[in-house]
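The values are calculated or read from the model by the stated rules, or taken from the named source; none is laboratory data. Only a predicted model underlies this, so the values are computations on that prediction, with no experimental measurement involved. Every residue, glycine as well, gets a Cβ built from its backbone with ideal geometry; the counts of neighbours run over all protein chains shown.
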Amino acid sequence: MSKVYFSIDQTPEGHFQLAINDENGGYRICGPKYDGRSKTVKKHELSARDIAEIGQYFTKVDVF
């Protein structure tokens, strides 16, 4: 089973990026586009509890 992380990265210019990642890649949630120069400031492995609680927010979104 894959481990999933939130990561906060900082560009050399001081801008922050938030992404969700696994060992195969990730998805940028906010911040400037990744260009390979960013440094990870904080990384948090999501627990089953984190995923369940975050999932509750998705049920509130009407996507259709």
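For the range 34-48, a residue qualifies if it is surrounded by fewer than 11 Cβ atoms within 10 Å (Cβ to Cβ) and farther than 18 Å from residue 22 by Cβ, and the qualifying residues are 35, 36, 37, 39. Tell me, yes or no, whether the range 40-58 has at least one residue that is of a type in the set (A, V, I, L, M) and over 20 Å from residue 2 (Cβ atoms). Yes; the residues of the range 40-58 include at least one that is of a type in the set (A, V, I, L, M) and over 20 Å from residue 2 (Cβ atoms). Counting only residues that are out of contact with any strand residue (DSSP E or B) (no Cβ under 9 Å at 6 or more places or on another chain) and acidic (Asp, Glu), which one in the range 22-64 is modelled with the highest pLDDT? Filtering first and then ranking leaves 53.
Considering only the range 1-55, how many residues are among the charged types (D, E, K, R) and either in contact (Cβ under 8 Å) with a residue 40 or more places away in the chain or touching a Cys at 6+ places or on another chain (Cβ under 6 Å) (or both)?
Number of matching residues: 2.
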